[in-house]
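Structure, as structure tokens:
The values are calculated or read from the model by the stated rules, or taken from the named source; none is laboratory data. This structure is a prediction, so every number in the text was calculated from the model and none was measured. For neighbour counting, all protein chains shown are included, and Cβ atoms are generated from backbone atoms with ideal geometry for every residue, glycine included. Just so you know, the surface numbers come from the protein's heavy atoms only, side chains and all, with ligands and any DNA or RNA stripped out. Shrake-Rupley method; radii C 1.70, N 1.55, O 1.52, S 1.80 Å.
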Amino acid sequence: MSEELKDQATLILIKPDGLKKSLTGNILTRLSETKLEIVAAKMVRVSKELAEEHYKHLKDKPFFGELIKFIRGELHDRKKVMALVYWGDGAIKKCRELAGATNPEEAEATSIRGSYGRITTGGVYENVIHVSSDPREAEREIKLWFTPEEIIVDLYPTKEATEKEIKKKTWA
Ligand code: DAT
Ligand code: MG
């Protein structure tokens with residue numbers, strides 16, 4: 001196995017349509033077939049900035065505005081996504097195969113997107129799940145969605161920084 005395929009990481013998002021359709025358990029079960037390890041997981045309220053940064057490679061597409069609304073949950077009255085990092089050999093290919101093609105109507109019928117996705121009349125691909133497309137994108141996305149402390153293994157180099165006078169919420 002090539003070095004690049006070994007211990008790969010991928011960002012997974014269960015998108016607002018997946019949450020609204022109560023597919024979380026189902027999707028996690030499907031992904032567990034990969035025998036990969038979950039090394040981070042959380043619920044996220046997606047800001048406009050995060051959404052636009054995540055999908056910045058699509059910013060010139062006609063569907064960009066709707067895509068941002070969709071990932072922020074504005075089309076599903078579920079203003080959250082579940083974000084996870086899966087880790088292990090060949091993680092990206094394994095997860096993308098289970099997810100299926102981007103267009104849910106072209107995705108293999110037994111794939112996650114083929115089983116549960118749809119295209120809205122407005123042309124939005126409601127395709128249930130996000131999987132990083134390659135190792136570079138995975139690194140960019142994981143660093144965008146997670147801090148080092150939220151991931152239980154050391155995926156990428158870190159540095160120590162002392163943060164002074166940063167207001168943080170703690171338990172009262
Ligand atoms: P993927 O999510 O399979 O990596 P992508 O990165 O090209 O695909 O696109 C990101 C999301 O944008 C995709 O999950 C759904 C949406 N999208 C892509 N192409 C689209 C299109 N032609 N029409 C509507 N939505 C599209
Ligand atoms: Mg992509």
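Annotations for the structure displayed:
- Cβ-Cβ distance of T29 and M1, R₀ of 22 Å, FRET efficiency by 1/(1 + (r/R0)^6): the value works out to about 0.25.
- Rolling a 1.4 Å probe over the protein heavy atoms leaves M1 with an accessible area of roughly 150 Å².
- Radius 11 Å from Cβ of M82, net charge of other residues (Lys, Arg +1; Asp, Glu -1): +4
- Cleavage-rule hits, trypsin sites (Lys or Arg not before Pro), segment 132-161, DSSP coil, Cβ neighbours within 10 Å at most 10: K159
- Each of the GluC sites (Glu not before Pro) that DSSP puts in a loop and that has at most 16 other Cβ atoms within 10 Å breaks the chain; the longest unbroken stretch is 109-159.
- Cross-link table K21/K143; K21/K94; K42/K168; K61/K168; K143/K164, entries beyond 26 Å C-alpha to C-alpha: K21/K143; K61/K168
- The accessible-area ordering, largest first, of the residues L36, L5 stands as L5, L36, per a 1.4 angstrom probe.
- Restricting segment 82-172 to chymotrypsin sites (Phe, Trp or Tyr not before Pro) in coil, as DSSP defines it, with at most 16 other Cβ within 10 Å: W171
- Taking 0.890 mPa s as the viscosity and 25 °C as the temperature, the Stokes-Einstein diffusion coefficient of the chain based on its alpha-carbon Kirkwood radius rounds to 145 µm²/s.
- Heavy-atom surface of the chain, accessible at 1.4 Å and reported per residue (Å²): 62
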